[in-house]
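A.B. asks: Here's a structure for you.
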Amino acid sequence: MLTMARESTIQLADVLELLRPGSFVRLHDHPEDLPPFQLIQCRGGRCWIRQQSWGNLLHLEVAHRKLTSAA
């Protein structure tokens, strides 16, 4: 019974959206005039993203919870 009570207290905010490498994502505070970022990979709650115009050597590391799918 105690286990069921603990499971019911999981909040929706704890669930992360599944983001696949190669997909396009936006930051939660993403400006409208900035194109979406391309997702390189996610590991351990961190994601690496880049703009296509930046090339393959330049990227940003952000928290997974700050990203959402662009589609």
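A.B. asks: When 1/r is averaged over all different Cα pairs and the result inverted, which Kirkwood radius in Å belongs to region 16-69?
C.D. replies: Result for region 16-69 stands at 11.1 Å.
A.B. asks: Now for a different question. What FRET efficiency, computed as 1/(1 + (r/R0)^6) with R0 = 22 Å and r the Cβ-Cβ distance, is obtained for H30 and L58, rounded to the nearest 0.05?
C.D. replies: 0.75
A.B. asks: What's the extension gain from E17 to Q51 if we count 0.36 nm per residue and subtract their Cα-Cα distance?
C.D. replies: Length difference between fully extended and current span is 10.2 nm.
A.B. asks: In which sequence would V25, V62 go, from the one with the fewest C-beta neighbours within 10 Å to the one with the most? Walk me through the intermediate numbers first.
C.D. replies: On the way: V25 23, V62 17.
In order of increasing Cβ crowding within 10 Å: V62, V25.
A.B. asks: While we're here: Let me check against my output: what whole-number percent is the relative contact order of region 16-69, with C-alpha pairs under 8 Å and at least 6 apart?
C.D. replies: 38
Values quoted throughout were computed directly from the atomic coordinates according to the rules given, and no laboratory measurement underlies them. Model, not experiment: these values are computed from the prediction. Positions of Cβ are generated from backbone atoms using ideal geometry, with glycine treated the same way; all protein chains shown enter the neighbour counts.
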